[in-house]
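Peer 1: First the structure, which I've put down as structure tokens, then a few questions once you've had a look.
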Amino acid sequence: MPETPFEPKIVAFLCRWCAGAGADLAGTSRIAYPANAVPIRVNCSGRVEPEWVMEAFRSGADGVFIGGCHPGDCHYVSGNYKTRRRIYLLKKLLAEMGIEPERVRLEWVSATEGAKYARVMKEFVAELKRLGPLHLEREEKTMPASPVLPRVGS
Amino acid sequence: MPPRPRIAVYWTGGCGGCDVSFLELGPALLDVLAQIEIAFWPALVDTKRSDVEALAPRSIAATLVNGTLRTEENVEMVHLLREKSELVVAFGACAYQGGVPGLANLATRDEILRRMSGNGFRPSPPPGGEAEDAPPGLLPQAKSLADEITVDYVVPGCPPMPPLIGLLLGALLSGDLPAPGHVFAHDKALCEECPRTREERKLTKVVRPHELVPDPNVCLLDQGMICLGPVTRGGCGAACPKAGMPCTGCVGPTPNAGDPGLAMISALGSLARAGEEGPGAFAAEDRLLDALVDPLGTFYKYSLPAYVRTGKRSDR
Ligand code: SF4
Ligand code: SF4
């Protein structure tokens, strides 16, 4: 059976002031980039809760992209700094959970950087293709208990 | 006099601390024992599985199960007890959300068995013993009680503290029962009952408990200790913060907090500061957060099976 190539699923949280506008610009400028991401527009990257990132993974995403404003450009002054610290901690947690931290990508994209949005999205898709699909452990109730090992010394 | 309610207390993959916790009731325990009949309590009286099997369905008023579910036998026993009991209570952090033994879910069952046999342990019958004397098979993962059977109530804590045990016993003995699913602890965060003053200062350092003799009156989180009070249910009387130790979350998260680790990451990300915010502070902020060496073990010490779905491992 021919293998269908793996196309990673990405959830992209984009702030409306910078990254969201940058993604729009990539589109209106007709820059070609992979269509793997489902964009979700948020008011500020600082609104992106770690819970949402995990919910995306639990719902089948292979990667989560968060696009915020460049340092100093945040419409709400410091939302992007808060996001940076949260994502830093979340990546440490993911590593301990056996989920590659590279599956979460935080990028600063301004409203004029349509080309940058297209480039980082291409890079992210390539990275996720390298990592392969994310399989989360599901509790397998039907899995049998371990067999008893043979008796010692018999 | 109406018949005294039959109570059972059973341990699965626990440490015994939950059974011992009843002693903390002090003399009140004697009053309780005078009002109940013990149907089954392996830690306290000589009762066997066959005694439970002989009982009529639903003839035990309430069974309190402590410990995580880790073996085939644990699972058989809790199904048996469920059938024989009117009410089943998850007693303690292990039965509630997997507890400390649930941290073993970070390793695969094969890894655990290899490690045990490397240390000379083999899950096999003792020399000269029958096959049925062998230890029961290990489940692929540790699970909480509710993963297997319907749980009516929860008494959280590791082990549950006397005030919380008292709430359960009061309800059982008076017959004034809360709605199914009730957790015998507060819905509000521990910070509400903690006597330390919390100013929600910025988190400018992260220290481990052995690295600091904390100020006796100031919030531990404000002093850099990772205290889970903001996301953890109250009801324990804040015993740990009062003694200068940060809350490790044994009572479980508040309904508002949900996943305790993600809620803490959200809070710590907001509070952490290494000087004025901006690109110049990024490296110092990262170093500050690196001092939190084990986020997973810190945030899910008692609840890993309930919240964490690890990445798939090939040998599982
Ligand atoms: S909840 Fe704590 S005290 Fe109770 S069995 Fe588990 S580890 Fe022991
Ligand atoms: S010491 Fe812990 S429980 Fe007490 S106020 Fe501070 S964070 Fe809350």
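Peer 1: Springs between alpha-carbon pairs under 10 angstrom, Gaussian network model over chain B: which of B:Pro160, B:Pro279, B:Pro135 fluctuates most?
Peer 2: Looking only at B:Pro160, B:Pro279, B:Pro135, the largest GNM fluctuation is found for B:Pro279.
Peer 1: In square angstrom, what is the accessible area per residue of the range A:10-128 with a 1.4 angstrom probe?
Peer 2: 39
Peer 1: Right, something else. So for the range A:10-128, averaging the separation of alpha carbon pairs under 8 Å that are six or more residues apart and normalising by length, what relative contact order in percent results?
Peer 2: 39
Peer 1: Is the range B:190-307 rounded, prolate or oblate when judged by the Cα gyration tensor, a ≥ b ≥ c being the square roots of its eigenvalues, rounded requiring a/c under 1.5 and prolate requiring a/b larger than b/c?
Peer 2: Details: a/c = 1.80, a/b = 1.30, b/c = 1.39.
Oblate.
Peer 1: Considering the dipole of chain A built from charges on the beta carbon (Lys and Arg +1, Asp and Glu -1) around the Cα centre, which of A:Cys74, A:Val53, A:Val38 is farthest to its positive end?
Peer 2: A:Cys74
Peer 1: OK, next. Could you point to the residue in A:Pro101, A:Ala115, B:Val155 farthest towards the positive end of the protein assembly as shown's charge dipole, with +1 and -1 charges on the Cβ of Lys/Arg and Asp/Glu respectively?
Peer 2: Farthest towards the positive end: A:Ala115.
Peer 1: Using a probe radius of 1.4 Å on protein heavy atoms only, what is the accessible area buried between chains A and B, both sides summed, to the nearest 100 Å²?
Peer 2: Buried area between the two chains comes out at roughly 4200 Å².
Peer 1: Counting Lys and Arg as +1 and Asp and Glu as -1, what is the net charge of the other residues whose Cβ lies under 13 Å from the Cβ of A:Ile10?
Peer 2: -1
Peer 1: Related question: With labels modelled as points extended 7 Å from the Cα through the Cβ direction, what inter-label distance (nm, one decimal) is found for B:Leu177 paired with A:Thr112?
Peer 2: According to this spin-label approximation, the distance is 6.9 nm.
Peer 1: Once you order the gyration tensor axes a ≥ b ≥ c over the Cα atoms, which shape class does the range B:38-93 get: rounded for a/c under 1.5, otherwise prolate or oblate by comparing a/b with b/c? Could the numbers behind the result be given before it?
Peer 2: Numbers: a/c = 1.34, a/b = 1.27, b/c = 1.05.
Verdict is rounded for the range B:38-93.
Peer 1: Just the number please: accessible area per residue for the range B:165-316, 1.4 Å probe, all protein chains included, in Å².
Peer 2: In whole numbers, the range B:165-316 has 44 Å² accessible per residue.
Peer 1: Once the convex hull of the alpha carbons of the range A:10-128 is built, what does its volume come to per residue, in cubic angstrom? Intermediate values should be presented prior to the final figure.
Peer 2: Values: hull volume 9.9 nm³, N = 119.
Convex hull of Cα atoms, per residue: 83 Å³.
Peer 1: Next up: Diagonalise the Cα gyration tensor of the protein assembly as shown and give the resulting equivalent ellipsoid semi-axes, square root of 5 times each eigenvalue, largest first, whole Å.
Peer 2: So the three semi-axes of the protein assembly as shown are 46, 29, 19 Å.
Peer 1: Also, quick follow-up: Translational diffusion coefficient, Stokes-Einstein: compute it for the range B:6-174 using the Kirkwood radius over C-alpha pairs as Rh, at 37 °C and 0.692 mPa s, and state it as an integer in µm² s⁻¹.
Peer 2: Using the Kirkwood radius from Cα pairs, D works out to 195 µm²/s.
Peer 1: Continuing with this model, one more query. Taking every pair of distinct Cα atoms and averaging 1/r, then inverting, what Kirkwood hydrodynamic radius in Å comes out for chain B? Provide the component values of the computation, followed by the final result.
Peer 2: Values: mean 1/r = 0.0467 Å⁻¹.
After inverting the mean inverse Cα-Cα distance, the result is 21.4 Å.
Peer 1: Something else about it: Please report the carbon-and-sulfur percent of the accessible area for the protein assembly as shown; probe 1.4 Å, protein heavy atoms only, DNA, RNA and ligands left out.
Peer 2: Here it works out to 55 percent.
Peer 1: Where both residues lie in the protein assembly as shown, what percent of DSSP beta bridges are antiparallel, nearest 5?
Peer 2: Approximately 15 percent, going by the DSSP bridge assignments.
Peer 1: Consider a paramagnetic label point 7 Å from the Cα of A:Ala95 along Cα→Cβ; state which residues of the range B:257-299 have an amide N under 14 Å from it.
Peer 2: The answer is B:286-297, whose backbone nitrogens lie closer than 14 Å to the label point.
Peer 1: Now for a separate question. Determine the residues within the range A:76-100 where the difference in accessible area between the chain on its own and the full set of protein chains amounts to at least 40 Å²; count protein heavy atoms only and use a 1.4 Å probe.
Peer 2: A:Tyr81, A:Arg84, A:Arg85, A:Arg86, A:Tyr88, A:Leu89, A:Lys92, A:Leu93, A:Glu96, A:Met97
Peer 1: In debye, nearest 20, what is the charge dipole magnitude of the range B:6-174 about its Cα centre with +1 on Lys and Arg Cβ and -1 on Asp and Glu Cβ, if you could check?
Peer 2: 360
Peer 1: For the pair B:Arg287 and A:Ala126, what calculated FRET efficiency results from E = 1/(1 + (r/R0)^6), where r is the Cβ-Cβ distance and R0 = 41 Å, to the nearest 0.05?
Peer 2: 0.85
Peer 1: For the range B:147-297, what does the relative contact order come out to in percent, with C-alpha contacts under 8 Å and a separation of six or more?
Peer 2: Answer for the range B:147-297 is 24 percent.
Peer 1: Another question about this same structure. Using a 7 Å offset from the Cα along the Cα-to-Cβ direction at both B:Leu29 and A:Glu102, what is the distance between the two label points in nm, to one decimal?
Peer 2: Distance between label points: 5.6 nm.
Peer 1: How far apart, in nm, are two points set 7 Å out from the Cα along the Cα-to-Cβ line at A:Ser29 and at A:Ser59?
Peer 2: If labels sit at A:Ser29 and A:Ser59, their model points lie 2.9 nm apart.
The values are calculated or read from the model by the stated rules, or taken from the named source; none is laboratory data. It should be emphasised that the depicted structure is a prediction, and the values quoted were computed from it without experimental measurement. Cβ atoms come from the backbone with ideal geometry, glycine included; neighbour counts cover every protein chain shown. When the accessible area is computed, the model is the full protein with side chains, heavy atoms only, and any ligands, DNA or RNA have been set aside. Shrake-Rupley method; radii C 1.70, N 1.55, O 1.52, S 1.80 Å.
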